[in-house]
């Protein structure tokens, strides 16, 4: 018989992996567009996309529940209390944690290099894939690490959308909450210490990665 925390761990890792992949597919082109745009709409777009940074998770989770619930416009998709509902909530909540470092990495690329590539005949797609992405690689990797770690530790949004269904929507953070509720502090401490160690390792990796990028 496997330990009761195995399923929440595997589900959390699956959720974080799928969410991070989707966020990279969305945030890399979006970060490029925002980094190269100076229109008047940009501040409004940035404020909207980074709103989850300051919005309480329960508020975001509530409105997602309204949208995805039985009376919402996306009710036919049956996303509430499902794994893919957790994915939707995690993508929305973790989006700014991936978008901001990706955008910053693209903004750090000198405009003169892009202009030189254009004069040599490189089109927009070639400049994006052949020049911008390789030069922003370190920022993109940092963003992926942050997105994965942030998704792994999320509680409020996933609880609002997914509930607490064992083997289906019960992720690690919810499993810790359950352990505390039943006064099983040994399990709660083990899971919490694991997430604490993982979080420290993530920050250490990011510090090392950024330190390498700062070297001449």
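Annotations for the structure displayed:
- Hits in region 49-64 (condition: buried (at least 17 other Cβ atoms within 10 Å of the Cβ) and either over 19 Å from the mean Cα position of the chain (by Cα) or within 15 Å of residue 154 (Cβ to Cβ) (or both)): 52, 57, 60, 61, 64
- Residue in region 185-194 that is within 18 Å of the chain's Cα centre (by Cα) and surrounded by fewer than 17 Cβ atoms within 10 Å (Cβ to Cβ) present: no
- Against the conditions (1) part of a helix (DSSP H, G or I); (2) touching a residue at least 60 places away in the same chain (Cβ under 8 Å), residue 4 satisfies every one except (1).
- Test result for residue 148, under 22 Å from residue 54 (Cα atoms), assigned to a helix (DSSP H, G or I) and touching a residue at least 40 places away in the same chain (Cβ under 8 Å): yes
- Single condition residue 8 does not satisfy, out of (1) in contact with a helix residue (DSSP H, G or I) (Cβ under 7 Å, 6 or more places away or on another chain); (2) under 17 Å from residue 154 (Cβ atoms); (3) at pLDDT 90 or above: (3)
- Members of region 15-28 that are surrounded by fewer than 22 Cβ atoms within 10 Å (Cβ to Cβ) and in contact (Cβ under 8 Å) with a residue 12 or more places away in the chain: 17, 18, 22, 24, 26
- Any hit, region 35-44, residues being surrounded by 14 or more Cβ atoms within 10 Å (Cβ to Cβ) and in contact (Cβ under 8 Å) with a residue 24 or more places away in the chain: yes
- Residue match in region 95-110 (condition: assigned to a helix (DSSP H, G or I), in contact (Cβ under 8 Å) with a residue 12 or more places away in the chain and under 17 Å from residue 169 (Cα atoms)): no
- Contact map, region 59-88: residues that are on the phi < 0 side of the Ramachandran plot and outside any helix (DSSP H, G or I) paired with residues that are surrounded by fewer than 20 Cβ atoms within 10 Å (Cβ to Cβ) and modelled with pLDDT under 90, Cβ distance under 8 Å, separation 6+ or inter-chain. Pairs shown: 69/75; 80/69; 80/70; 82/168.
- Within region 16-33, not a single residue is touching a helix residue (DSSP H, G or I) at 6+ places or on another chain (Cβ under 9 Å), under 25 Å from residue 115 (Cα atoms) and assigned to a loop (DSSP other than H, G, I, E, B).
Condition check ((1) surrounded by 13 or more Cβ atoms within 10 Å (Cβ to Cβ); (2) modelled with pLDDT of 85 or more) across all residues:
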position	(1), (2)
104	yes, yes
107	yes, yes
110	no, yes
118	yes, no
121	no, no
140	yes, yes
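- Meets criteria (within 24 Å of the chain's Cα centre (by Cα) and closer than 30 Å to residue 82 by Cα) for residue 162: yes
The values are calculated or read from the model by the stated rules, or taken from the named source; none is laboratory data. Note that the structure is predicted; figures quoted are calculated from it, not measured. Neighbour counts run over all protein chains shown; Cβ positions are idealised from the backbone, glycine included.
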